[in-house]
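Heads up, the thing below is written out as structure tokens.
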Amino acid sequence: MPYFRDGWHMRDDRAARGVAKVLRGEIITDQDLFTPDELRRAPYFNECIYAVGLRWFAGIGFWAGSACWALSLQRTAQDGPFEPEDKRLLAELSPRLGEAATLSTAVGRSVLASMTNALNLVRRPALVLDRMGVVLDWNSAAEGLFDDAIRVVNRRLMLAGRAARAALDQLLDRMRATPDAGSLPAVPIVVQREGKRPVLIRVLPIPGAAKSPFLGARVLLTFADLGPKPGPDPRLLASLFGLTAAEARLASRIAAGAALDDIAVQLGISRETARNQLKAVFAKTETHRHAELVALLSQLPAALGQE
């Protein structure tokens, strides 16, 4: 249909003329908004509506939370225009549509909260944008990541750096121009941070259960801090491999990528003591080299469902 393909949804005079009436709870029709001459001559009707065999319009306003919507109904020329009795019957639908929309919105928000909370459990920062780029939800892991380079201001995601802002603007433009059922490019956004490692933002689709048209959730963004990660919990390592507390602390720092000499300084022990503890860790983990130990310990977060 040319309505979206040819951009008529951006030039629909019914919206400009009918919003005030819909907000007052009126059922609107073509005859309420246009003169007979306008209906005959307007390009919108002749090139879009009439061209596909439609003719008469009625709009039913209803509320979904604080947002006002209108359900558009179209008839062919053979069906005839909407009469006063039709408008009276359609008015009875408005509160039912509002109830359905409010329920759909509540279900969508519940699903979104479940998604971001689940990611929070594995310490993955995440937030959700609607089709207009408004931030609908984010988790506490994201709050812990927010700084001068990445933040939410007035429900808008703000990124530092020209390249990151341009990439976000491009994503938002595509979201506005792409139908909700259409796929969006999943090109990650890289945010450079002064004095810190970069953050990688991945763009993921919203699952069907959260795709309430009244909520408008469009994409899930997850954030990966590319800075050094802390090693596994020493208590976990002690439990898994039978390490002493001292050996577990050393193994945790090795898993995080620290050099043995630096670990010795951090832990306040001699290099020889560090070497002896490392030998004990090798024996208890059944590894033989530094790289082999790191490879083993790096598997723990994935095995435990963590990042």
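Miscellaneous remarks
- Remark: spin-label model distance Thr178-Ser110 equals 2.9 nm, labels positioned 7 Å along the Cα→Cβ axis.
- Aspartates and glutamates whose Cα lies under 15 Å from that of Lys196, excluding same-chain neighbours fewer than 8 positions away: Asp147, Asp148, Asp225
- Comparing segment 234-303 with the 2.2 N^0.38 Å rule of thumb, its C-alpha radius of gyration ratio is 0.99 (two decimals).
- Value at 222 nm in deg cm²/dmol, rounded to 500, when DSSP H runs of n ≥ 4 in the chain each add -39,500 (n - 2.57): -13000 deg cm²/dmol
- Within the chain, helices built from complete DSSP H runs that reach 18 Å or longer along their own axis (Cα positions) and carry a mean Kyte-Doolittle hydropathy of 0.0 or higher are 94-121.
- Top positive-direction residue, dipole computed over segment 137-238 with Cβ charges, set Leu226, Ala167, Val191: Ala167
- Each peptide in 155-162, 79-86 was scored by the mean count of other Cβ atoms within 10 Å over its residues; highest first, the order is 155-162, 79-86.
- Those residues of segment 186-202 whose amide nitrogen sits under 17 Å from the label point placed on Val152, 7 Å along Cα→Cβ: 201-202
- Extension gain for Arg275 to Asp37 (0.36 nm times residue separation, less C-alpha to C-alpha distance): 76.4 nm.
- Only Cα pairs under 8 Å and 6+ residues apart enter the sum, and on that basis the relative contact order of segment 234-303 stands at 29 percent.
- Relative contact order %, the chain, counting alpha carbon pairs below 8 Å whose residues are six or more apart: 11
- Loop-located trypsin sites (Lys or Arg not before Pro) in segment 1-64 (DSSP state not H, G, I, E or B) with no more than 11 neighbouring Cβ atoms inside 10 Å: Arg24.
- FRET efficiency estimate (nearest 0.05) - Cβ-Cβ, Asp169 to Cys68, R0 30 angstrom: 0.60
- With the convex hull of the Cα atoms taken as the outline of segment 107-225, the averaged projected area works out to 6.8 nm².
- Rounded to the nearest 20, the size of the Cβ-charge dipole of the chain about its Cα centre is 800 debye, with Lys and Arg at +1 and Asp and Glu at -1.
- Translational D in µm²/s for segment 1-156 (Stokes-Einstein at 10 °C, 1.306 mPa s, Kirkwood Rh from C-alpha pairs): 85
- Principal axis box of the chain, alpha-carbon based, largest edge first, Å: 95, 38, 30
Values in this text are rule-based calculations from the coordinates and carry no lab data. Note that the structure is predicted; figures quoted are calculated from it, not measured. Note: ideal-geometry Cβ built from the backbone for every residue, glycine included; neighbour counts use all protein chains shown.
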